[in-house]
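One structure below.
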Amino acid sequence: MDSITQIVLGAACGEAVLGKKIGNKALLFGAIGGTIPDLDVYVGNLLYGNAIDAMLFHRGFMHSIFFSVIAALLLGWVVHRLYNTRQRRGNTTRQDWIALFFWSLFTHPILDCFTPYGTQLFAPISHYRVAFNNIAVVDPLYTLPFLICMIAVMFFNRTSPKRKIWLKLGLTMSSLYMFFTVGNKLYIDALFKSSAEDSQIDYIRFSAQPSIFNNILWYGIAETANSYYVADYSLFDTHTKFSTFTKVAKHRDIKPAEFEDVENLAWFSNDYYSVYKLDDETYRYNDLRYPLLDLNDPDSSVFSLILYKEKHRLNMKPFKPKFGKLSDALATLWKRIKGI
């Protein structure tokens, strides 16, 4: 999920492990641990000269169980050596620090697994992207109550029982909301499946996910032999089904057999994608796992990449959302959430 959410969850892990011993410093170190996996964005840019390679590195090895274990052992040893000196000697053990970093690191990719973006939890053994698709990458109803509780923790002495109360409250509320999104996902999947069947869509497979900032408005895509069908549904809609399906052709102006980069992007998109030729050197790649800005325009994917030929490969320009003003996009989203 977004960086703020991961910081909050990491801080909660730090508090749970070492809050009684070192107070608010536990929140700080936990927040650092919760941030580390997302540094793969910068590591990828340092390792690769190709922007596609750098993007695919994100939520890869540094979001794996293996990395969580190795990094926790290393960071736990280093921080214990640096922290446990002079007057602080004996306050904490190496095992304390290893536990703090393990849980703050490990919960990061676990949380990311619930989002549509997914994460390579088992890298480097497997590059399978675990994605449960039940919560958006940014969801204020998950994050804000949790954040408020973690801020409240900071105002009490490390030995105060009220710290534990606020910690448990934050973890309970966030977990209950996550359970709600899982139940909502199961309901939406069943609804999308029945809606597609009622519309006589002979689908091979389908995927459904919430739109950004909420768990009310959902987007679904069904794949057939020659095309995709997309639709959205709000829990506030007057009808209880995905009523209007838009047909999206499997537009492939450049194929995986021509460039391995297209094959890699297809894997990234779980094969829900289209490619449009703009000119002899440039293409638009649409990741159709994510909603269309306009259901009447099959080329209006919100996750759209501009690819260009570079030597014997493809590269991509920096990602820019296709909508204009953010305020206008949010107003449109809010209107659709309300079932209008």
Worksheet item: Say we look at the stretch 301-333 and pick out the residues that are more than 18 Å from ILE52 (Cα to Cα) and over 21 Å from the mean Cα position of the chain (by Cα); which of these is modelled with the highest pLDDT?
Response: ALA331
Practice prompt. Go through (1) touching a Phe, Trp or Tyr at 6+ places or on another chain (Cβ under 8 Å); (2) exposed (fewer than 13 other Cβ atoms within 10 Å of the Cβ) one by one and return the number of the condition SER126 breaks.
Written response: (1)
Worksheet item: Can you tell me which residues in the stretch 283-306 are among the small types (Gly, Ala, Ser) and within 17 Å of SER243 (Cα to Cα)?
Response: none
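Before we move on, is PRO116 part of a helix (DSSP H, G or I), of a type outside the set (Phe, Trp, Tyr), in contact (Cβ under 8 Å) with a residue 40 or more places away in the chain and under 30 Å from ARG313 (Cβ atoms)? Step through it out loud before you land on a result.
Details: part of a helix (DSSP H, G or I): no; of a type outside the set (Phe, Trp, Tyr): yes; in contact (Cβ under 8 Å) with a residue 40 or more places away in the chain: yes; under 30 Å from ARG313 (Cβ atoms): yes.
Taking the combined requirement at face value, the residue does not satisfy it.
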Worksheet item: Got at least one residue in the stretch 160-175 being under 18 Å from the mean Cα position of the chain (by Cα) and farther than 30 Å from LEU18 by Cα?
Response: no
Discussion item. Here's a check for you: in the stretch 129-183, which residue that is hydroxyl-bearing (Ser, Thr, Tyr) and not in a helix (DSSP H, G or I) is modelled with the lowest pLDDT?
Written reply: THR159
Worksheet item: Does TYR42 meet the test of being modelled with pLDDT of 95 or more, in contact with a helix residue (DSSP H, G or I) (Cβ under 7 Å, 6 or more places away or on another chain), open to solvent by 60 Å² or more (accessible area, probe 1.4 Å) and within 30 Å of ASP287 (Cβ to Cβ)?
Response: no
Practice prompt. Under 8 Å between Cβ atoms, at least 6 apart or on separate chains: pull out the pairs that start in the stretch 184-197 with a residue that is modelled with pLDDT of 95 or more and end on any residue that is polar (S, T, N, Q).
Written response: ASN184/ASN134; ASN184/ASN215; LYS185/ASN133; LYS185/ASN134; LEU191/THR240; SER195/SER243
Item to complete: Give the residues of the stretch 214-224 that are under 21 Å from VAL182 (Cβ atoms) and part of a strand (DSSP E or B), sorted by residue number.
Response: LEU217, TRP218, TYR219, GLY220, ILE221
Practice prompt. For the stretch 268-289, state whether one or more residues are surrounded by fewer than 18 Cβ atoms within 10 Å (Cβ to Cβ), touching a residue at least 40 places away in the same chain (Cβ under 8 Å) and of a type in the set (A, V, I, L, M, F, W, C).
Written response: no
Discussion item. Checking GLN87 against (1) at pLDDT 95 or above; (2) open to solvent by 60 Å² or more (accessible area, probe 1.4 Å); (3) among the polar types (S, T, N, Q), only one condition comes out false. Which one?
Written reply: (1)
Discussion item. Suppose we keep only residues that are under 26 Å from HIS127 (Cβ atoms) and aliphatic (A, V, I, L, M) within the stretch 224-267. Which one would you say is most open to solvent (accessible area, probe 1.4 Å)?
Written reply: ALA257
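The values are calculated or read from the model by the stated rules, or taken from the named source; none is laboratory data. Being a predicted model, the structure only gives us computed values, none of them experimental. Heads up, the Cβs are rebuilt from the backbone with ideal geometry, glycines too, and the neighbour counts pull from every protein chain shown. Surface accessibility is based on the protein's heavy atoms, side chains included, excluding ligands, DNA and RNA. Shrake-Rupley method; radii C 1.70, N 1.55, O 1.52, S 1.80 Å.
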